[in-house]
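Q: Just passing along the structure, written as structure tokens.
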Amino acid sequence: MSQQNQFSASDVEVLERQTVFKGFFTMARLCLRHKLFAGGWSKPVFRELFERDHCVGVLLYDPQLELVALTEQFRVGVLGQQQSPWLFEVVAGMAEPNELLEDVARREVLEEAGINAQELISICDYWVSPGGSSERMYLFCALVDLSNAGGLFGLDHESEDIRLHVLPEQQAFDWLDEGRCNNAATIISLMWLRTNRQQFL
């Protein structure tokens, strides 16, 4: 039996908002209160919020040759962990204000893979880490020709250093099962492809 949300944004009152850091990203500190399931209002709650614009991720898939392309690049968030901080990912990038999501997807595919993506299929969208971040990810699958794809890409002024890997779809699924593709956007995209690939063949 489906349930509708009991509350909406109008059931939250922001008492104070302070920007505590502004650089490549922004961090805000909020004092707020919200309505309770049992009735009434919560005590004032302090939360730090990592603010980031919406992002777009694009899985590159060639249904004719049954190939998948994944990027490899350095990710500072993995630094100091047990694995290499160079991750295998779908193409991804941040949206500019008022930029259409499909335009973001095509721009990022061109910048990170050197491919003009025309046919885009929406996979899903999700909140990346809503306990402390405003980031929302929109995922697409781009049906493209990967017969001559691969190489090094990225924008110098954004300090991007990206290698594009083209691999058989089964190898991509194996990497998924082995944990080599262990970031949310790539996991979701490859799981979606494994479930839906037959409709493109």
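The values are calculated or read from the model by the stated rules, or taken from the named source; none is laboratory data. Quick caveat: nothing in here was measured; it's all calculated off a predicted structure. In this analysis, Cβ positions are derived from the backbone assuming ideal geometry, glycine residues included, and neighbour counts consider all displayed protein chains. Just the protein is used for accessible areas: all its heavy atoms, side chains included, with ligands, DNA and RNA removed. Shrake-Rupley method; radii C 1.70, N 1.55, O 1.52, S 1.80 Å.
Q: Would you indicate which of [x] 51, 37, 28; [y] 42, 42, 39; [z] 60, 47, 38 is the value of Cα extents along the principal axes in Å derived from the coordinates of this structure?
A: Computed from the coordinates, Cα extents along the principal axes in Å corresponds to [z].
Q: Let me ask you something else. Highest mean first, how do 37-44, 16-23, 71-78 rank when packing is the count of other Cβ atoms within 10 Å averaged over residues? Present the calculation step by step, with values, prior to reporting the outcome.
A: Working: 37-44: 8.4, 16-23: 9.9, 71-78: 14.0.
For the peptides 37-44, 16-23, 71-78, the packing ranking is 71-78, 16-23, 37-44.
Q: For region 2-83, go through all pairs of different Cα atoms, get the mean of 1/r, take its inverse, and jot down that Kirkwood value in Å. Mind dumping the intermediate values first?
A: On the way: mean 1/r = 0.0569 Å⁻¹.
Radius from the Kirkwood sum: 17.6 Å.
Q: From the gyration tensor of the Cα coordinates in region 56-160, what semi-axes in whole Å does the equivalent ellipsoid have, largest first, with each one equal to sqrt(5λ)? Walk me through the numbers before you get to the answer.
A: Details: eigenvalues 97, 68, 39 Å².
Values for region 56-160, descending: 22, 18, 14 Å.
Q: So how much slack lies between Ser122 and Phe200, counting 0.36 nm per residue of separation and subtracting their Cα-Cα distance, in nm?
A: Details: separation 78, 0.36 × 78 = 28.08 nm, distance 1.40 nm.
Separation in residues times 0.36 nm, less the Cα-Cα distance, equals 26.7 nm.
Q: Quote the accessible area belonging to Ser129 in square angstrom, nearest 10, computed with a 1.4 Å probe and with ligands, DNA and RNA left uncounted.
A: So the heavy atoms of Ser129 present about 60 Å² to solvent.
Q: What ranking do 151-164, 105-118 get when scored by the average of other Cβ atoms within 10 Å per residue, highest first?
A: On the way: 151-164: 13.3, 105-118: 19.2.
The densest-packed peptide leads the list: 105-118, 151-164.
Q: Counting only protein heavy atoms and a 1.4 Å probe, tell me what percentage of region 1-145's accessible area is made up of carbon and sulfur. Walk me through the numbers on the way to the answer.
A: Numbers: 4660 of 8900 Å².
For region 1-145, the apolar C and S fraction of the accessible surface comes to 52 percent.
Q: Oh, and also: Pull out the extension gain between His165 and Thr19, defined as 0.36 nm times the separation in residues minus the alpha carbon to alpha carbon distance; nm, one decimal. Before the final figure, lay out the partial values.
A: Values: separation 146, 0.36 × 146 = 52.56 nm, distance 3.94 nm.
Net length gain for the segment: 48.6 nm.
Q: Taking the Cβ-Cβ separation of Lys35 and Glu99 as r and a Förster radius of 30 Å, what is the calculated FRET efficiency to the nearest 0.05? Before the final figure, lay out each step's value.
A: Working: r = 34 Å, r/R0 = 1.15.
Once the sixth-power term is evaluated, E becomes 0.30.
Q: So how tilted is helix 101-113 from the main axis of the chain? Cα-based, degrees 0 to 90, rounded to 10.
A: Relative to the chain, helix 101-113 is tipped by roughly 50 degrees.
Q: Given the protein chains as shown and a 1.4 Å probe, how many square angstrom of His34 are accessible, to the nearest 10?
A: Roll a 1.4 Å probe over it and His34 shows about 70 Å².
Q: Calculate the dipole size of region 1-92 relative to its Cα centre from +1 charges on Lys and Arg beta carbons and -1 charges on Asp and Glu beta carbons; express the result in debye to the nearest 20.
A: Details: 9 positive and 10 negative charges, 132 e Å.
Taking the Cα centre of region 1-92 as origin, the dipole is about 640 debye.
Q: Over region 1-134, with the other protein chains present, what is the accessible area per residue in square angstrom, probe 1.4 angstrom? Please list the in-between numbers first.
A: Numbers: 8590 Å² over 134 residues.
In whole numbers, region 1-134 has 64 Å² accessible per residue.
Q: Here is a follow-up. Under a crude label model (7 Å from the Cα following the beta-carbon direction), how far is Leu152 from Leu110 in nanometres?
A: Distance between label points: 2.3 nm.
Q: Still on this model: Taking a spot 7 Å from the Cα of Ser129 along the direction of its beta carbon, which residues of region 14-42 have an amide N less than 18 Å from it?
A: 20-30
Q: Let me ask something else. To the nearest 20 Debye, how big is the dipole of the chain about its Cα centre, given +1 on the beta carbon of each Lys and Arg and -1 on that of each Asp and Glu?
A: Working: 16 positive and 29 negative charges, 219 e Å.
Here the size comes out at about 1060 debye.
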